[in-house]
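**Student:** Let me give you the structure first, and then I'll get to my questions.
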Amino acid sequence: MIDWEAVRRRMQFESQEALWETLYVKQELSIETLSRRFGVSVTAIRSQLLRHRLPIRPARRNAPRRSLLPPNIVALVREAGSIKKVADGLHLPYGLVYRHLRRLALARLKRLKAQSQAAATRRT
């Protein structure tokens, strides 16, 4: 069981209410994101929110989880040398990281192809 008072002190909030108000209401972090951040179950987070009388938002089904990926994901993978190491470090599924990197690569290839076609058109 997690000591929420210790978490509050470590994160330098005035009260536990302020902690949950900031993270869940103001920053709009999801219950799932909070549970991963604190390493506890979704139920534990929900109970804290209810204890502090915060309204529970409806879960967003099929919400894009790409927002969980840091913008420097490519650099992280290059540095770590492995998608699996990065995915494990971020506590995300390997497939999510892999698909995102693939999407980035395909977008880059599409841009390069368009640029080469534009250059070829200018030459003629």
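**Student:** Which condition number does Arg61 fail, the rest of (1) at pLDDT below 85; (2) among the basic types (Lys, Arg); (3) surrounded by 15 or more Cβ atoms within 10 Å (Cβ to Cβ) being met?
**Tutor:** Going through (1) at pLDDT below 85; (2) among the basic types (Lys, Arg); (3) surrounded by 15 or more Cβ atoms within 10 Å (Cβ to Cβ) one by one, Arg61 breaks only (3).
**Student:** When residues of segment 1-18 are filtered for being surrounded by 16 or more Cβ atoms within 10 Å (Cβ to Cβ) and outside any helix (DSSP H, G or I), how many remain?
**Tutor:** Qualifying residue count for the region: 1.
**Student:** Going by what's in this entry, would Pro71 be described as farther than 18 Å from Val42 by Cβ, in a loop (DSSP other than H, G, I, E, B), out of contact with any helix residue (DSSP H, G or I) (no Cβ under 9 Å at 6 or more places or on another chain) and at pLDDT below 90?
**Tutor:** Values: farther than 18 Å from Val42 by Cβ: yes; in a loop (DSSP other than H, G, I, E, B): yes; out of contact with any helix residue (DSSP H, G or I) (no Cβ under 9 Å at 6 or more places or on another chain): yes; at pLDDT below 90: yes.
Considered against the rule, which asks whether it is farther than 18 Å from Val42 by Cβ, in a loop (DSSP other than H, G, I, E, B), out of contact with any helix residue (DSSP H, G or I) (no Cβ under 9 Å at 6 or more places or on another chain) and at pLDDT below 90, Pro71 comes out as yes.
**Student:** For segment 75-103, enumerate the residues that are part of a helix (DSSP H, G or I), surrounded by 12 or more Cβ atoms within 10 Å (Cβ to Cβ) and among the hydrophobic types (A, V, I, L, M, F, W, C).
**Tutor:** Leu76, Val77, Ala80, Ile83, Val86, Ala87, Leu90, Leu96, Val97, Leu101
**Student:** Which condition number does Leu54 fail, the rest of (1) surrounded by 11 or more Cβ atoms within 10 Å (Cβ to Cβ); (2) at pLDDT below 90; (3) not in a helix (DSSP H, G or I) being met?
**Tutor:** (2)
**Student:** Continuing with the same structure: Checking Glu21 against (1) assigned to a helix (DSSP H, G or I); (2) touching a helix residue (DSSP H, G or I) at 6+ places or on another chain (Cβ under 8 Å); (3) within 27 Å of Met1 (Cα to Cα), which test does it fail?
**Tutor:** (2)
The values are calculated or read from the model by the stated rules, or taken from the named source; none is laboratory data. Note that the coordinates shown come from a computational prediction; the quantities given were computed from them, not determined experimentally. Note that we place each Cβ from the backbone using ideal geometry, even for glycine, and neighbour counts take in every protein chain shown.
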